Amino acid sequence: MTDTSSTLTGHCLCGAVALTVQQASRDIEVCHCEMCRKWSGGPLFCLHTVAEGDVGVTGEEHVVRYRSSDWAERAFCGRCGSNLWYQLLPAGTRTVTAGLFDLPQDFAVTQQIFVDERPHWARLAGETVEKTGPQIHAEAEAAGLVTK
């Protein structure tokens, strides 16, 4: 992981929900899993996982949460539908969608996950770390975040 940035602020398309992220990594992670593709319409670009307490939310009354699995929920703006974050419930971490922010030039895609589910049309240029779904699940199990 690279150095962390100072505070980032961003908002959904309509502005009803604003997010403030403290100590965000400059790493952007891209998820190619089927659920993320269905949710976002393509690969999901996110700021690397941050602790739930490092994300401030204004307009919480507009946030809608969808429990997408036993261990995760996804949040979006109930007014405009903008995707906000993916939350890994056992860890209490959020992966915040990168498109909500005007990111500085030093932010870059450093990792792609679920590359075994990546469609042929979603190949990205440049070198990144690539992990398959089984690798991601094994890491989560080893960390005690999910069980088989």
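Remarks
- Given (1) modelled with pLDDT of 95 or more; (2) surrounded by fewer than 14 Cβ atoms within 10 Å (Cβ to Cβ); (3) not in a helix (DSSP H, G or I), number of the condition W121 does not satisfy: (3)
- Inter-residue pairs, beta-carbon under 9 Å, first over 13 Å from F45 (Cβ atoms) and free of Cβ contacts under 8 Å to residues at least 40 places away in the same chain and in the stretch 115-133, second among the small types (G, A, S) and assigned to a loop (DSSP other than H, G, I, E, B), 6+ apart: W121/G42
- Summed over the stretch 41-58, the residues that are over 11 Å from the mean Cα position of the chain (by Cα) and either acidic (D, E) or closer than 18 Å to S82 by Cα (or both) give a count of 8.
- When residues of the stretch 9-42 are limited to those that are assigned to a strand (DSSP E or B) and among the aliphatic types (A, V, I, L, M), the one surrounded by the fewest Cβ atoms within 10 Å (Cβ to Cβ): A18
- The condition of being modelled with pLDDT of 95 or more and in contact with a strand residue (DSSP E or B) (Cβ under 8 Å, 6 or more places away or on another chain) does not hold for G92.
- For the criterion of being at pLDDT 95 or above, part of a strand (DSSP E or B) and within 18 Å of V129 (Cβ to Cβ), V64 fails.
The values are calculated or read from the model by the stated rules, or taken from the named source; none is laboratory data. Since the structure is predicted, the reported quantities are computational estimates derived from the model, not experimental observations. Glycine gets a Cβ as well: all are built from the backbone with ideal geometry, and neighbour counts include every protein chain shown.
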